[in-house]
1. How far, in degrees from 0 to 90, does helix 30-40 lean away from the longest principal axis of the Cα atoms of the chain, to the nearest 10?
2. Using a 1.4 Å probe on the protein heavy atoms only, what accessible surface does His87 show? Give it in Å² to the nearest 10.
3. Using a 1.4 Å probe on the protein chains only, how many percent of the accessible area of region 364-408 belongs to carbon and sulfur?
4. If I fit a long axis through the Cα atoms of helix 483-496 and take the longest principal axis of the Cα atoms of the chain, what angle between them do I get, 0 to 90°, rounded to 10?
5. Counting each DSSP H run of 4 or more residues in the chain as -39500 (n - 2.57), what helix-only mean residue ellipticity at 222 nm follows after dividing by all residues, to the nearest 500 deg cm²/dmol?
6. Out of the GluC sites (Glu not before Pro) in region 230-319, which ones are loop residues according to DSSP with at most 10 other C-beta atoms within 10 Å?
7. Could you state the angle between the C-alpha long axis of helix 146-168 and the longest principal axis of the C-alpha atoms of the chain, as a value from 0 to 90 degrees rounded to the nearest 10?
8. Taking semi-axes √(5λ) of the Cα gyration tensor in Å as the quantity of interest, determine which of [x] 52, 30, 22; [y] 56, 28, 18; [z] 43, 28, 21 was computed from the displayed structure.
Amino acid sequence: MSCAEQSPHIALQFISELRLLVAIPADPAPWQRICIQAMERVSSVTIVVGAALRSGGQRHLAESDTAFDAVVWLDGKPPAAILKLPHRLGVWTLRTDFGEDFVYGMVNRRERLKGDPTYRAHVISTMVEGEFVLRSAAMRVRKLSRRTHMKRSLDALPSLLANAVAQLVSAKTGTISLPRFNPLPEHQMDRRMLMLVVGASAIERVWKALFRHEVWRIGLVRQDLQTLVQRKALSGVVWLDLKIRRSAIVADPFVVSDADGPVILCELMDYAERPSKLVSIHQDGSINPIEGDLRHSTHLSYPFVIVHEGRTLCVPETASRGEVALYDVTDLTRPRRVKTLLPDFPGIDPTVFCHGGRWWMCCTKAGETVLEDLHLFHSERLFGSWTAHPRNPVITDISCARPAGPIVLLDGHLCRLGQDCRRSYGDGIDIRRIVRLDPEGYREESFSRIAPEKGGPYPFGVHTISPGPGFVVVDGKRKAFVAAEFRRAIRAGLSRFGLRPRRRS
C-alpha cells in the first residue's frame, strides 16, 4: 500500500484550467440540466456533456479519457470501466454517508427515516489512491414529507457541484487537502421499524410544540473570546437578572459603547406579545426599547453592530420586510434608517465586515433553507451597491451556516461564528476558519466549537456570542412550558383542520 493510500488526506495542486466530461442519461432530468448549468458558470472551466448510455456511450467516454481532467458522473452508479480510467482528478459521483448514490440510492428511505436529524450529500472523487471528498452538504432531515425531503436534496446539488469545481480552480499557488471518504456502516431497518420512527417523530413534534418551549436569556463571561474558544464550552456565565416575565425571550446580544459605558443591544420577545423588538440593556439593568425608525410592527432581531466613520451603525434582521437595511444608532433614543443594503433579499442574521479593502455580508435566507445555506454579498463601499457572490450559497451545512456573531480574529486566523443546528436550533456554535474569501471563491474549514454551559440554568443552547470590553456577552437556552405558546400551538393545530377555537366573551 502506498503512502497516499495510508494517508487520511490527499493534497492536490490548485488548477488554473479545468476540463470536465459530464456524463448524463440520454434523456436527462431537470436537476441534471441545472447541475450542468451551475458548473458552466464557474470561470476557467470547460464542460463537455456526454450521454452515459450503457451501450455506446460508455465506449465513447472511455475513448475520450485523455482529453479531460475528470469525469462527473450524474447517472447513478458508474460502471467499473469508467472508475478504472486514469483521470488525475478521478471520477466524481454524488454519494450519501453510507456510500450509496445520493439520488438513486436510499435517500428517500434510509436517510429520511433512520432517526438522525441531519443527512449529507458528498461529491466524491474516485482516484487511484482511493475515494476522497471534494465537497459536502449537510441538511436537515424532512422526516414527515417524502416530497419535501427529495426536493430539498435535489435543490442542493447544483451549488454543491459548482462549489466543488470552483475550489479546485484558482490562480493562487498552493495545494488543497481533500479528506478520505469513509462511508458509514449500513443501517438496516424493516418496514415496521420505519413506521415506528415516523410515528415517534410526529409525537415528538407535537409534544415539543405543546409543552417544551425555548426560553433564552443573556449572560456575561469575564474572559476574552480567545480563552473561551480554548475551553470549547461556556463556563462561569453570569446570567443577567432582568425585570421581565419568566416566559420572555432575550437573545442575540451585541455590545455598543455609550457615554456611560458598554450597552447591550438584543432581541426581546414575549410569547404573549409577538412580534419581537429590539431593546438596549444598560449597566443599571434597565431595559429601554429602541424605537425611532426601528419601531416596526414586524419581527426584529440580531442587531448586528458596525462602527464606521465615527458612527455606530446597526444591521438588524428585518427579513419579514423582505430586505436587509442599515440604521444609524449612534443616538439610541433616535435610531435613523440610512440605507437599504439588499432590497429584495430576506436575509437572516446579516453579519457585515470589512476584509481586503472590500465590504462583505454573510447571512442565510428566510424560508426552508434558513438553517442550511450561507449566502455571501460584497461591495466596494458600505453605502454602495451590493453584489451577490457567484457561488451562492457558498456552503450548505446545517452545523454552521447560520451566523452566530461577528467575524473575529483567532490565533491570527479570520474566523466566522456559525450556529450548530443539527440536533436543535442553536445547539452550539461552530467556529469556522476562513481559508479563501474573494469575489470569485469562498472556502472555510472547522476551527473549534463552543458548547453551552451544561451545568448552568441554560444548558440547552447558545447561538450568539459577541466580544465586549473585558467580557464576552452570550445567550443561553432552557426549555420550559409557556402557557401563551401552548395556546398558540392549539390554535394553529385547530386551524389546520378548519376549526376555530372559541373566543372568550
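1. Here the helix axis deviates by roughly 90 degrees.
2. Here the residue's solvent-accessible area equals roughly 10 Å².
3. Of the solvent-accessible surface of region 364-408, carbon and sulfur hold 48 percent.
4. Once rounded, the angle reads 50 degrees.
5. About -5500 deg cm²/dmol.
6. On the way: sites: Glu267, Glu273, Glu291, Glu309, Glu317; in loops: Glu273, Glu291, Glu309.
Taking region 230-319 and a limit of 10 other Cβ atoms within 10 Å, the loop GluC sites (Glu not before Pro) found are Glu309.
7. 70
8. Given [x] 52, 30, 22; [y] 56, 28, 18; [z] 43, 28, 21, the structure-derived one carries the label [z].
The values are calculated or read from the model by the stated rules, or taken from the named source; none is laboratory data. Keep in mind it's a predicted model, so treat the numbers as computed, not measured. Reconstructed Cβ throughout: ideal geometry from the backbone, glycine too, with neighbour counts over all protein chains shown. Areas reflect the complete protein model, heavy atoms only, side chains present, ligands, DNA and RNA absent. Shrake-Rupley method; radii C 1.70, N 1.55, O 1.52, S 1.80 Å.
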